Amino acid sequence: YVKKHGRAHFRFYREEMSHTFQNEVLMEAHLKRAIEFNELSIHLQPQIDFDTYEIDSFEALIRWNNPKFGFVPPSQFIPLAESSGLIIQIGDWILEEVCRYQKEWKDKGYRAVRIAVNISPKQFKQDHFAEKVKQIISKYKIEPKYIELEITESSMVNVEETEKILKSLKELGVFVSVDDFGTGYSSLSYLKKYPIDIIKIDQSFIADLNKDEKNEAIVKAIIALSRNLKMDVIAEGVEERDQETFLKLHQCKKGQGYLYNRPLPVEEIVETYFIR
Ligand code: C2E
Ligand code: MG
Ligand code: MG
Ligand code: MG
C-alpha cells in the first residue's frame, strides 16, 4: 500500500509540474502579444500626505486582462516578463503611457502630480536605461520631477553599475524610491552611497502594526532613519485607521493603501481627483 501510494503521489507531483510549465509557456506566448492586442492597462493608486491630506502623487500599477487567462495579477506575470526579457518592452510601454497621461493632463490644465513607476531589475540594468528615460520624458515634454522610479534592493547589488545609473537619473531630475524597503538582503550601506529620494516601507511591516511590538520598533526605526538621511518616507499597504494613527504619531510623511483608495483605472482617478 505504501509503495503504491508513494508512486501515485509522485506521478501527481510530476503532472503538476509539467502542467505549471506548459501553462507558463502558454502564458508567455500570450504576454508577448499583450501590448499589440491592447490587453495591458494602468491603474493608479493615490498617495496621501499626512500633513495636508493632499494627494500630489500616485503609483502606477500594471494590469493584464487576457481572453484566455482573465485578469492575471502582476505577481504572476511580472516574474515571467522578467525571466523572458519581455519586461524591457513592457517597461517601455508603461513609462511611455505614464508620460502620455502626464502630457494630456498638462494640456488640459489639471494640477501637476507625480507618478511613480515600478522598475524591475532587468529593466533597470539594461544598457542606457537612464538615456531611455530621458528620451521618453523629453518626447512628451514632462518635467522630470513629476516622474518617480521605484526600484527594489535587488536592483542595487552591483555597486558600480548601480551608482552610475542612479547618478544619471539624479542628473536628469527624476525621483528615485526604494520599494519594499526592509525585505531585501542588501546592506544599509547603499543608502549612503546612492542618491535615493524616498523610502517605501514594505506593507508587511504595516500589516502587523499594533499587533507586534518588534514590528513597531522596526517601523519607527525606518522612519527615523529616513528622516536622519533627509529622505522622504511613505508607508505601503495602509488599511486601518489605527495604522495611520501610529504612522502619523511617529512622523511618517505619507501613506498609500486601501484605507484611502485601491488602485483604480486612470479614467476613475481623473474623475475622482482632477475633475471635481
Ligand atoms: P508594489 O510595487 O509593492 O505595489 C504595491 C502592491 O500592493 C500593489 O499590488 C497594490 O495593489 C497593493 N496594495 C496597495 N494598497 C494595499 C493595501 O492596503 N493592502 C494590500 N494588501 N495591498 C495593497 P499589485 O498591483 O498586485 O502589484 C504587485 C507587485 O507587482 C508590485 O508591488 C510590483 O512589485 C509589481 N508591479 C506592479 N506593476 C508593475 C509594473 O508596472 N512594473 C513592474 N516592473 N512591476 C510591477
Ligand atoms: Mg511599487
Ligand atoms: Mg512595495
Ligand atoms: Mg514589490
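The values are calculated or read from the model by the stated rules, or taken from the named source; none is laboratory data. Every value quoted in this text rests on a predicted model; they were computed, and no experiment measured them. Don't worry about glycine lacking a Cβ; one is built from the backbone with ideal geometry, like all the others, and counts go over all protein chains shown. Remember, those area values only see protein heavy atoms, side chains included, never the ligands or the DNA or RNA. Shrake-Rupley method; radii C 1.70, N 1.55, O 1.52, S 1.80 Å.
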Per residue solvent-accessible surface (Å²) - the stretch 79-154, probe of 1.4 Å:
44
Expected field for TRP93, accessible surface area in Å² at 1.4 Å probe radius, rounded to 10, holds 50
Would you rank ILE142, ILE78 by solvent-accessible area, highest first, keeping every protein chain in place and using a 1.4 Å probe?
ILE78, ILE142
Added length on full extension, which subtracts the Cα-Cα distance from 0.36 nm per residue, GLU216 to GLN126:
28.7 nm
How much length would be gained if the chain were fully extended between GLN76 and ARG262, taking 0.36 nm per residue of separation minus their Cα-Cα distance, in nm to one decimal?
65.0 nm
Give me the 1.4 Å probe accessible area per residue for the stretch 163-207, excluding ligands and nucleic acids, in Å².
46
The computed P(r) of the chain puts the percent of Cα pairs beyond 35 Å at 22
Separation of the SER138 and LYS248 label points, Cα + 7 Å toward Cβ, nm
4.4
Give a residue-ordered list of calculated ³J(HN,Hα) values for the stretch 212-228 (Karplus: 6.51 cos²θ - 1.76 cosθ + 1.60, θ = phi - 60°; whole Hz; x for Gly, Pro).
9, 5, 4, 4, 5, 4, 5, 5, 4, 5, 5, 5, 5, 4, 5, 4, 5
If you roll a 1.4 angstrom probe over the protein chains with everything in place, what fraction of the accessible area of the chain belongs to carbon and sulfur, to the nearest %?
53
Only sites in a loop by DSSP and with at most 12 other Cβ atoms within 10 Å count here; which chymotrypsin sites (Phe, Trp or Tyr not before Pro) in the stretch 167-272 make the cut?
TYR185, TYR258
Over the stretch 102-198, relative contact order from alpha-carbon pairs under 8 Å, at least 6 apart, %:
28
Taking 0.36 nm per residue of separation between PHE274 and SER189 and subtracting their Cα-Cα distance, the length gained on full extension comes to 26.6 nm
Residues whose modelled amide H sits under 5 Å from the amide H of ALA116, counting only those 5 or more places away in sequence or on another chain, are PHE58, GLU59, ALA60, GLU148
In order over the stretch 129-135: 3J(HN,Hα) from phi, Karplus 6.51/-1.76/1.60, θ = phi - 60°, whole Hz, x for each Gly or Pro, gives 4, 4, 4, 4, 4, 4, 5
Mean shadow of the stretch 154-201, computed from the convex hull of its alpha carbons, in nm²?
3.1
If amide hydrogens are placed 1.01 Å from N in the peptide plane, which non-local residues have theirs closer than 5 Å to the one on LYS253?
VAL233
Could you pull out every one of the lysines with an alpha carbon less than 26 Å from that of LYS248, ignoring same-chain neighbours closer than 8 positions?
LYS145, LYS192, LYS200, LYS211, LYS214, LYS220, LYS230
The chain: relative contact order in percent, alpha carbon pairs under 8 Å with at least 6 residues between
17
If Lys and Arg each add +1 and Asp and Glu each add -1, what is the summed charge of the other residues whose beta carbon sits under 15 Å from the beta carbon of LYS132?
-1
